[in-house]
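Read through the structure below, which is laid out as structure tokens, and then see the notes.
Readers should treat all values here as calculations from the given coordinates under stated rules, not as data from a laboratory. Quick caveat, the model's predicted, so the values are computed rather than measured. Methodologically, a virtual Cβ is constructed for each residue, glycine included, from the backbone with ideal geometry; neighbour enumeration extends over all protein chains shown.
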Amino acid sequence: MKIVYDNIIYALQRCGGISVVWSNLISRCRKKDMDISFIDYENNNISRMQIDISSENTINKRLAIPFIQRFVNPTVGSLEISEPFIFHSSYYRTLNHPYAVNITTVHDFVYTFYSKNLLSRYLHCKQQYDSIRKADVVVCISENTRKDLLKLLPDVSPEKVKVIYNGVDRRFCRIPDLKYKNYFLFVGNRAGYKNFSSIIEPIAKCNFELKIVGPELTQDERRLIGRHNLKYTFCGHVSDEELNKLYNEAFCFIYPSLYEGFGLPVLEAQMAGCPVLALNTSSIPEVIGDKHLLLDSMTVEALREKIAFIGNPHSRKDIIDNGLKNASRFSWDKMTGEYISLYKAAIDNFSRNKK
């Protein structure tokens, strides 16, 4: 089976969930008995630096004007292909080739629901929707994302939309004999739908510290934290090893996001034996497993109730055990196997329809 992977995502972000998912997929597929080529771009992406791609099977390209070229579908002129092959882009691009079987992975609809920049929303949504419509098979990373897709694009056939869950890195794990401390942990971007501001007052009034992993705090965030006298530690960007220790030592991981296509940090925390508090929205109930720690609203009263539950030694042990069991449902090997099966079925279906 011939596969052409489009690594455009590495040129669009230095780090991020999609890059992590993409690297885990292509690195595992390279170990299988398949003929794989890559369209690669100049980048300083952290996930890309961790994998080796043979130069002989790579079409190297450069984005001179990234803002424009990212929306342009690629070509594979230097590859002579005369039989059906898989074209899978890391970010909403398709290939106009008589033998290309286009696969599109939909991670979420953040731009549709939350982008306030009209031009950016138009361009991103047009590219995403066009990719979905042109694809031979569409993969959604959760049932909730599939539901959003079919609601937003009723003209798309439900039969071509499949669900394949992401995995989670086994690098996140429990550290024996490490006791938890009285802090909440927040990880990742904080703007917009990530809803970071909603947790400041409740955590402060519950007399807990907040540790923050991610980009620099903005002036508005510092002012908000200061107004509520919240004790906090800004950790910045940390290694996976450091993050694993922070998960292990946290009283709990707090995830107030209003919308997620999947919610990978939820599983990372559970793998490390860290209880997860999250809002009962979008794909989170699907991924988290244990519904006892879901919040309908981020209020002081709701948080106090959950703190009492998590702080009880017996219930905490059950929460941790259930989290570990839940996270074991997801693996990168399982995800990759499902993609490979999907590729084979898509090639067979394309070949039958060509006859």
Answer in debye to the nearest 20: the dipole magnitude of the chain about its Cα centre, from +1 Lys/Arg and -1 Asp/Glu charges placed on Cβ, is 320 debye
Using alpha-carbon pairs under 8 Å, 6+ residues apart, how would you state the relative contact order of the stretch 200-355 in percent? 19 percent
Name the long-range amide H neighbours of Leu295: under 5 Å, sequence gap of 5 or more, or other chain; modelled H, no Pro or chain starts. Ala278, Leu279, Asn280
For the stretch 104-150 and the stretch 265-308, distance of Cα centres in Å: 26 Å
Work out the length of the dipole vector of the stretch 313-355 about its Cα centre, built from +1 on the beta-carbon of each Lys and Arg and -1 on the beta-carbon of each Asp and Glu, and round it to the nearest 20 debye. 220 debye
Relative contact order %, the stretch 100-139, counting alpha carbon pairs below 8 Å whose residues are six or more apart: 68 percent
Once mean projected area of the Cα convex hull in nm² is worked out from the coordinates, which option in (i) 38.0; (ii) 18.5; (iii) 24.1 does it equal? (ii)
Suppose every Lys and Arg Cβ carries +1 and every Asp and Glu Cβ carries -1, with no other charges. What dipole size does the stretch 50-207 come out with about its Cα centre, to the nearest 20 debye? 760 debye
Dipole of the chain (Lys/Arg Cβ +1, Asp/Glu Cβ -1, origin at the Cα centre): which of Phe113, Phe172, Met49 lies farthest to the positive side? Phe113
Give me, ordered by chain and number, the residues 5 or more places off Asp6 or on other chains with an amide H under 5 Å from its own placed amide H. Ile39, His88, Ser89, Ser90
Sort 64-75, 203-214, 84-95, 295-306 by the packing proxy (mean of other Cβ within 10 Å over each peptide's residues), most packed first. 84-95, 203-214, 295-306, 64-75
What's the ranking of 252-263, 99-110, 181-192 by average number of surrounding C-beta atoms within 10 Å, highest first? 252-263, 99-110, 181-192
Taking 0.36 nm per residue of sequence separation and subtracting the Cα-Cα distance, how much length would be gained by fully extending the chain between Lys179 and Asp240, in nm to one decimal? 20.0 nm
Can you tell me, using C-alpha contacts under 8 Å and at least 6 residues apart, the relative contact order of the chain as a whole percent? 15 percent
